[in-house]
Amino acid sequence: MTQKIVVVEDDQPILDLMELLLKNQGYEPVLMPNGLDALDYVRKNPPALILLDIMMNPISGWEFLERLRSEYGMHEIPVILFTASPEVTEKMAGINDPHLGVLYKPVSLLELKTALAKYLG
Amino acid sequence: MERYITVRNYRISHTDIVRFWIIVSLALCCILITALSLEENAGTLSTQLFYFPILYATYFYPRRGVFVAAVCAVVYEVLVYVHYFPDAFQLGAATGQAVLFVCVAAVVGYFTEKIRISETRYRSIFEYSLLGIILFDKNSFGITLTNQQVEQILGYTADELKKIPFSALFCNPDEQHRFFGELGSSVDIRNFETCFLTKAREPCWVNLSWTRIDGNSVSCSLLDISTRKHALQVADDSSTQYQQLTESSPTAIVIVENGVIMFMNPAFVRFLGYANADLLGKDLGIVIPPDDKERFLAFSKRWGTPVPAADRSEFRFLSKSGEIKSGMLYFTPITRKKNPAGLINIVDNTDWERLKESVLLGNERRRGMISTVAHELRTPLQPIMGYLNLLLQDQKAFGVTEETRQILERCVTSVDRERQIIDQMLELSVLDSGETELEYSVFRVADVIRTVIADGGYAGKAEINLTIPPDLTFESDKTKISFVIDIMLANGITSSKAPKKIWITYRGAESHPFHRLAIQDNGLGITEAKLDEIFEPHPPEESKLPGQRNGGPGKSLSLAKKYIQMHGGYISVDSIVNIGSTFTLHIPKKRPDGVKPS
């Protein structure tokens, strides 16, 4: 069975790309252009992994992560922050979450593959 | 000067030894004379001789004299016993005599000691008194006796004083006449304040009290009151002096009594723009804006304590024109016209505060801008990179020819390079702003290197040989050290020739203050001329390592150098052209002093 990966990202070109890349790698991508819809979806259909953009509206990636982790059964879903902001490193240092990773945009196919392999076991 | 010898922790003076031998000799003589006179039946008159050693010993050593008496008594008793036994009368008389020895010694010793103690007591009172004491003759004013304190106050020695008449000590004839008047009043005088002249011809204020001891002798005590006189004089002058001193001071100065402004200098007038008439006699609190008022009240409360201490605090002030100024307020307790008051200095730091605020705001804006720029620059690169990767990965499906592949690969390299440039630009700008701090922790270096190799996928690109003690730990910033190792590995691998090989070796000796981690490649090497330039933020094109040139990811060695320098270490390079290069990281084993554990 193919593993489901939710991509939360408000930039359409990147969503299109991720769809193609993930399909190409044999995963089942679910594209979510905003955090609130994504939370709804994830609650009902827990995915194998979430790729999460940070700078988004109406809720940011951090808020999405906080709400997700506060819900029952959601604290072990691997989340890879997918970001272009340099402040993420500082914030990450304060979070102790073994199921949280980060990839800095632009990310190469090899880096993506390595990260997915690491968090999907 | 007494000389001593030491016997088993006892210090015995030479005088004591001489006295001991005298006592022993006298005692032996007495025993000999007594023995001979008994032998010759010359009667017991010689017995009285025993009083010589006994009284001699008792006079100098009141308590031990009794022991000497006891010894003499026993010896005498033995001699008589041997000679007259069994004559009961003679034996009884001798025993009485022996007891008398001891009794006489005890009585004499008791009184001697008593006299000596009281004498010592009076002498020490006289010698060590904090008052100067002078004994002088009422008629001739010749000084007969003085103590040390007098010598200290007046600077004369005791012998010099004995040559000067007491009346000559006064500083001028007026004082002398005043003294004669008092002395003639036939009453004992207390607290007569006058002025003496010291040996150095300097005036010295003293307080005299005197009593007639006998017909002509007068005992006079003398207390040095110069300091008190001086202090009183200064206190009276202080207010005037403060005003003169503060007049031209660039610091704003006010004098307050019970919080009310009694004086303000021209600098204070300039600082807040109020005229003297606006504020004199008013509470200083009226120039403090409402926000700071509570704090100011708490601060000024401390001025009213019985002994206020010097104090300082930063406040904002309201100028006459309504402008908010800020200043550091220093409070110093003073005496003004014999009343407790406060001298307040205000250092105007309005400009400094404004500058600080604008710098902080600037830094915040700068961070925000950097973040936005990074986001805007990186995001559009993502689709380009992603699609390029996809085309290259699945060349057949997308119909990519060999020629197109080469073009696409160059595109990938360019995008990658663009990304590196953005990263470095950001990192360097943050480093330059001085906002980056090291977060120290203790970690196993072998684990960190393995993680870097795994995350960067380096194992697939070159053969990496790791020679690191598995339990070796570093105390440094783990993230930054990982980053540096990543940079070193990436550069090493790009520089290497096929078959690519990298050696990572730990070379720190236990006694050496630095960890030394060497990363060696089998690459093209670097010529000596270019060794310094490779660490520049933007090295000249010809000095770049293969990894830094077009066509490679090129991670910044200048960043690596900065990170290691932040730890107090350095990077050294050994290189042989066409054989390879060794980059050695020298990282201090101990964190520098003053860095707190994270």
Checklist outcome for this item: Answer in debye to the nearest 20: the dipole magnitude of the protein assembly as shown about its Cα centre, from +1 Lys/Arg and -1 Asp/Glu charges placed on Cβ, is 1220
Item to check | P(r) of the range A:4-102 over all Cα-Cα pairs, binned every 5 Å from zero, in whole percent | outcome: 3, 13, 26, 27, 20, 10, 2
Next on the checklist: Amide H of B:His515 versus every other amide H placed in the peptide plane: which residues, excluding those fewer than 5 positions away on the same chain, fall under 5 Å?
Outcome noted: B:Ile587, B:Lys589
Next on the checklist: When a/c reaches 1.5 or more, the comparison of a/b and b/c decides; with that in mind, is chain B rounded, prolate or oblate per its Cα gyration tensor?
Outcome noted: oblate
Next on the checklist: Rounded, prolate or oblate for the protein assembly as shown? Axes are the square roots of the Cα gyration tensor eigenvalues, ordered a ≥ b ≥ c, and the cut-off for rounded is a/c under 1.5.
Outcome noted: prolate
Checklist outcome for this item: Sequence order, the range B:562-569: Karplus ³J(HN,Hα) from phi using 6.51 cos²θ - 1.76 cosθ + 1.60, θ = phi - 60°, Hz rounded, Gly and Pro as x, gives 4, 4, 5, 5, 4, 7, x, x
Checklist entry - Projected onto the charge dipole of the range B:362-450 (+1 at Lys/Arg Cβ, -1 at Asp/Glu Cβ, origin at the Cα centre), which of B:Gly399, B:Ser441, B:Pro383 gives the Cα projection farthest towards the positive end? => result B:Gly399
Item to check | Per-residue HN-Hα couplings for the range B:378-388 [Karplus 6.51, -1.76, 1.60; θ = phi - 60°; Hz; x = Gly/Pro] | outcome: 7, 3, x, 6, 4, x, 4, 4, x, 5, 4
Checklist outcome for this item: Protection proxy (average C-beta count within 10 Å per residue), highest first, orders B:509-517, B:483-491, B:279-287 as B:483-491, B:279-287, B:509-517
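Every number in this text was worked out from the coordinates using simple rules, so none of it is lab data. Keep in mind that what you see is a predicted model, and the values were worked out from it rather than measured. Heads up, the Cβs are rebuilt from the backbone with ideal geometry, glycines too, and the neighbour counts pull from every protein chain shown.
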